[in-house]
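Data block below; observations after.
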Amino acid sequence: MLFSKSIASRAGLASAVASRSCCRPTSLAAMPLRAKVLSSGQKAPISTQAAAELFKPAEGDEPEDVLFNSLYNLRSIELNRPAKYNALNGSMIRKIAPRLLEWERSDMANVIVIKGAGEKAFCAGGDVAALAEQNAKGPEGVQQSVDYFGLEYKLNHLISTYTRPYVAILDGVTMGGGVGLSIHAPFRIATERTVFAMPETKIGFFPDVGASFFLPRMPGQVGTYLGLTSAMLKGVQVYYAGIATHYLHSSSLPALESRLAELTPMDYWTMEQRLSVINDTIEEFSTGVPYDEKIHISGPVRLAIDRCFKYNTIDEIIAALKEEAARGGVMGWAKNTLEELTQRSPTSLHVTLRQMRLGKTWDIASTFQREHQMAAKFMKSHDFNAGVKALLIDKGQNGPVKWSPASLDEIPPGANISEDYFMSDPELPMLKLLNGRSYRQYPYNKFGLPNDHDVRETMEKGNFTRKS
């Protein structure tokens, strides 16, 4: 049995604000945009000829790892590596980016849908095992890995600033590189099969693909918690956390695509009007949320996350978690979180925490440019290559990962082991993006459940009385 979405929305909202009740604004279409589009200094979008050269096929590219389809006004992208959970690689990026650029210039492409083949995954991340194997070949291999991230982040930035409605269907595992293909879209649909995580600290890396932008802008300290711990969210929890804007049963997805293809926007409609119609269309297929599944990141756990992860050093976060574990209430959650953090790369934890604090001030364009610099440093690092080899290539058969430093306890108090990762490499040119568009807040963030800021803003503007 299912609750209606509106009832579930209010239930989730109440939990998020510690039992304070409120309703959503009555007219989403009337809500103003929250972001001003900025110029990143790069004036004109990339030309068709330059894009063809940049994304030209490389030796070894698979011919059908991405499938494209056109149905009336809808254009679809299907990641087609189901045996590898649709893991993203350079071959796929070299197909997707130029096609998106082509559709952006077409008056016939009114809705873009991206999805994954099979029932297991949307996209389980980037093919990092291939990157580690490249890095083992020396400087030339490292440079190939750095170039891969350059292409990936160009694509991520294009999606984040895309001028056509873009719908990401997160049906199945959605991690790492798959998050980069979806999280910056105005519409992100979760299903009962969705599994979300940013697992980078597990393998000695950092949350990338624009995580510097989206994680710090999540409510409270939830983004910092997800980035540091690699915590996994499943099914409707992805919707409750605000990662997804909608929750649908997977059986309704084919019908939704057909319905989206039938939409015929008027030429004079603004982007806001087009998105509003698409939002209403997706809502038509919403069957509600499971009535018997509680919101995981809510109530005492949510409050504990904000208490523990508000600090600017890993040592303080660890101390706060130990205090929570000792006093009850959320003792089990605190103990599990401590255990998870001790298994992560100490370097990755320090870099990620600083990334969460600095990323609040970055615009979307500089986010991908800075992350490119950071990724280049990690390709040369011990922890990334050791972590990927031990966990993904050797699959733990040769024992646990040997990090360097080996544990958080080996880092002297006050030591700043993350600083180098945030310094630009003079030998690595600043990443040139595919267009000059940027912003400091997502321009179309009015869809999905309201967050803490929305609740507070509505309550401050409205005239509400407490129920007796």
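For the reader, a short list of remarks on this structure follows.
- Leading residue by the ranking (nearest to His184 (Cα to Cα)) among those in region 352-405 that are β-branched (Val, Ile, Thr) and not in a helix (DSSP H, G or I): Thr361
- The lone exception for Gly242 - which of (1) in a loop (DSSP other than H, G, I, E, B); (2) open to solvent by 10 Å² or more (accessible area, probe 1.4 Å); (3) farther than 21 Å from Leu275 by Cα; (4) out of contact with any Asp or Glu (no Cβ under 7 Å at 6 or more places or on another chain) it fails: (3)
- Per the conditions (1) polar (S, T, N, Q); (2) within 23 Å of the chain's Cα centre (by Cα); (3) surrounded by 14 or more Cβ atoms within 10 Å (Cβ to Cβ), the sole criterion not satisfied by Asn312 is (3).
- Residues that are open to solvent by less than 80 Å² (accessible area, probe 1.4 Å) and either in a loop (DSSP other than H, G, I, E, B) or among the acidic types (Asp, Glu) (or both) within region 288-309 comprise Gly288, Glu293, Ile295, Ile297, Ser298, Asp306, Phe309, listed in sequence order.
- Given (1) in contact (Cβ under 8 Å) with a residue 40 or more places away in the chain; (2) polar (S, T, N, Q); (3) farther than 24 Å from Phe206 by Cα; (4) surrounded by fewer than 19 Cβ atoms within 10 Å (Cβ to Cβ), number of the condition Asn279 does not satisfy: (4)
- Looking at Glu272, Glu293, Glu324, Glu257, just one residue is closer than 30 Å to Arg193 by Cβ and touching a helix residue (DSSP H, G or I) at 6+ places or on another chain (Cβ under 9 Å), and that residue is Glu293.
- Those residues of region 387-416 which are crowded, with 16+ Cβ neighbours inside 10 Å and within 20 Å of Ile314 (Cβ to Cβ), in sequence order: Gly387, Val401, Trp403, Pro405, Leu408, Ile411
- The number of residues in region 339-361 that are farther than 16 Å from Pro199 by Cα and touching a helix residue (DSSP H, G or I) at 6+ places or on another chain (Cβ under 6 Å) comes to 1.
- Picking from residues in region 139-167 that are among the polar types (S, T, N, Q) and either in contact (Cβ under 8 Å) with a residue 60 or more places away in the chain or outside any helix (DSSP H, G or I) (or both), the one that is surrounded by the most Cβ atoms within 10 Å (Cβ to Cβ) is Asn156.
- Subset of region 414-468 (residues that are at pLDDT below 95 and basic (Lys, Arg)): Lys446, Arg456, Lys461, Arg466, Lys467
- Among (1) surrounded by 12 or more Cβ atoms within 10 Å (Cβ to Cβ); (2) without any contact (Cβ under 8 Å) to a residue 12 or more places away in the chain, the one test that Glu427 misses: (1)
- Count of region 45-95 residues, restricted to those that are buried (at least 19 other Cβ atoms within 10 Å of the Cβ), hydrophobic (A, V, I, L, M, F, W, C) and not in a helix (DSSP H, G or I), is 8.
The values are calculated or read from the model by the stated rules, or taken from the named source; none is laboratory data. Remember, predicted model here, so these are calculated numbers, not experimental data. Heads up, the Cβs are rebuilt from the backbone with ideal geometry, glycines too, and the neighbour counts pull from every protein chain shown. All accessible areas refer to the heavy atoms of the entire protein, side chains included, with ligands and DNA or RNA removed. Shrake-Rupley method; radii C 1.70, N 1.55, O 1.52, S 1.80 Å.
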